[in-house]
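Asks: Have a look at this one.
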Amino acid sequence: MWGVFSSDLLKIKRKLILFLIVLGPLGVIGLEAVNFGLRYDYLTKIYASDLWSGLLNNVQQLSVVVMLLGVAIITSLMATIEHQTNAWKQVLALPISRTEVYTAKFLFNGLLLFASCILLAFGSVILGIVLGFGTDIPYTGLLKITVFPFLAALPFLAVQIWLAVTFKNQSIALTFGIVYALFSSYTRNAPDWLPLKWPLMMNSFSVITGVVTGLIVLTITLVDFAKRDVN
Amino acid sequence: MLHVLSSEFYKLRKSKISLLIFVSPIFAALFGFFETDSSKIVHGSQWMYKYMVMAAGHGLLFLPLLTGIFSAFICRYEHADGGWKQLLALPVSRSQVYIAKLISVMMLLALTQVLVLVSLLVIGWIKGVPGDFPWAFVLRSLFNGWLASAPLAALQLAVSVSWASFAAPLAVNVIFVIPNILVINSKYAPFYPWAQPVLSMFGNEKEAFGGAINISLFSLIVVVIGSFVAFFAAGLIYFQRKSM
């Protein structure tokens, strides 16, 4: 397992992926910096009672869409490495089980996204301090806007990995991923059972159902991957 | 030139791209269908309000992102299994191939715009929207949105021919389109090429909706045509010199 993991790490060295993992949170923070910088007086008046949660709300509104788009793009870029060089045959010919290969892919992509979310948390803190909102940082709120959406988005990570690995034609995985990512921002008033709403909900329900559904989807796709003919 | 175009058409005919042109119109239809407040009126017309509801998401995010998806799709056959070598070994010039690809992307975007119109008409009919349909306004807006997406398509085609991966050009696309969400409400919107499709789909200063979204014809021409020429020239020059 660890071997697959470190081989994945080697594969993304000097690739676009790591750049995107950093650019995602950096871009969100950068846009919010411009947003607050340009409309400082107006926004600080609106959020006068709680400047930090005002900032975190603004960050979150942008970051969930960016994260879901990131899931689609990163998983596709990862799968393309094998597709482009027809390397699936070689990877699966190694003396490791398919379950290990696939689980390692899932964990690796998950870790990259998690790193991205942690960067977002650090970025939000730095932005808040630079904007002069004081050092009374709401750590719970920070955790909620960064880690909660990530855990609630695990089903989407599992689905995207399966789509990207199974279909060599990446337009399927990417179109699907991009379309629902964009649609997610309109699901605030949708019923709770809609998985697309979970990354926006940021409560214990969304985290638990997200993780459980994620594991179920992972198991189903894992079984499918183990049976699939690879060429 | 016509032969190159028809070869593009053959390649697309049986592919899944026909499904992609329906994606955004279907979402527009969903927004139109679930928007229940039928009493709202824009410029004395409930049709105008329906158009605004349905075209907002399309112009802001879907249309700009579709320029990237279509461009990447149209280069997929050539990137897979040495298709570029075969295509360019034919007695056609590289600029012809490049222009044919751009025309194909623009035709797919035009089809999408037509389908948005169809979906507006169908949803309006289902919902029983009263009054005359504002043909002049809607047709002009959809056409303007299509023209404004040309520079985006030019850039995406340039990126798509240079990268074999499908996801990499889309990453570039997303990087430029996501700021739209914030740019659109700022005074910098008229200068940002990726915001032009949505701006031009909501009329010009005289017909602006509620003063929230304005567009200056001058900056539209400068930004749209300026960026189109820059992206198109850069892409074409790069493509002509690229070793395949």
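Values quoted throughout were computed directly from the atomic coordinates according to the rules given, and no laboratory measurement underlies them. Being a predicted model, the structure only gives us computed values, none of them experimental. Cβ sites come from the backbone with ideal geometry, for glycine too, and all protein chains shown count toward neighbours.
Asks: Identify all lysines with a Cα-Cα distance to B:K127 below 22 Å; exclude those on the same chain that are fewer than 8 residues away in sequence.
Replies: Cross-link targets: B:K40, B:K50.
Asks: Could you grab the relative contact order for the range B:1-149? Cα pairs under 8 Å, six or more apart, rounded to a whole percent.
Replies: 40 percent.
Asks: Something else: I'd like the orientation of helix A:154-166 relative to chain A: the angle between its Cα long axis and the longest Cα principal axis, in ° from 0 to 90, rounded to 10.
Replies: Approximately 40 degrees, to the nearest ten.
Asks: Quick check for the range A:2-227: number of Lys pairs with alpha-carbon distance under 30 Å, counting only pairs 8 or more apart or on different chains?
Replies: 22
Asks: Which whole-Hz couplings ³J(HN,Hα) result when phi for each residue of the range A:167-175 is put into the Karplus expression 6.51 cos²θ - 1.76 cosθ + 1.60, θ = phi - 60°, listed in order with x for Gly and Pro?
Replies: Ordered by residue, 3J(HN,Hα) equals 9, 5, 6, 6, 5, 5, 4, 6, 4 Hz.
Asks: Per residue, how big is the convex hull of the protein assembly as shown when only Cα atoms are used? Give it in Å³.
Replies: 165 Å³
Asks: Just grab the label-to-label distance for B:L139 and B:R241, each label 7 Å out from Cα along the Cβ direction, in nm (one decimal).
Replies: Distance between the two pseudo-spin positions: 4.5 nm.
Asks: Could you tell me how far the Cα centroid of the range A:116-186 sits from the Cα centroid of the range B:1-35, in Å?
Replies: Cα centres, the range B:1-35 to the range A:116-186: 29 Å.
Asks: State, as an integer percentage, the relative contact order of the range A:2-227 based on alpha-carbon contacts under 8 Å between residues 6 or more apart.
Replies: Computed value for the range A:2-227: 28 percent relative contact order.
Asks: OK, next. Please report how far the C-alpha centroid of the range B:137-158 lies from that of the range B:55-84, rounded to the nearest whole angstrom.
Replies: Using only Cα atoms, the two centres lie 14 Å from each other.
Asks: Can I ask one more? Restricting things to alpha carbons, tell me how big chain A is in terms of Rg and Dmax, in Å.
Replies: Values for chain A (Cα only, Rg and Dmax): 18.9, 62 Å.
Asks: Still on this structure, please answer the following. For the range A:81-189, which trypsin sites (Lys or Arg not before Pro) are both in a DSSP coil and crowded by at most 12 other Cβ atoms within 10 Å?
Replies: Listed in order of number, the matching sites are A:R188.
Asks: Rounded to whole Hz and in sequence order, give me ³J(HN,Hα) for the range B:84-99 from the Karplus expression 6.51 cos²θ - 1.76 cosθ + 1.60, θ = phi - 60°, writing x for Gly and Pro.
Replies: Using θ = phi - 60°, the values come out as 4, 4, 5, 5, 7, 7, 6, x, 10, 7, 5, 5, 4, 4, 5, 5 Hz.
Asks: Now a separate question. Do any chymotrypsin sites (Phe, Trp or Tyr not before Pro) in the range A:149-231 lie in a loop, going by DSSP, with at most 12 other beta-carbon atoms within 10 Å of their beta carbon, and if so which?
Replies: The qualifying sites are A:W193.
Asks: On to the next question. Helix B:46-57: angle to the longest alpha-carbon principal axis of chain B, degrees 0 to 90, nearest 10?
Replies: That helix lies at roughly 40 degrees to the long axis.
Asks: I've got another one for you. So how tilted is helix B:2-13 from the main axis of chain B? Cα-based, degrees 0 to 90, rounded to 10.
Replies: 70 degrees
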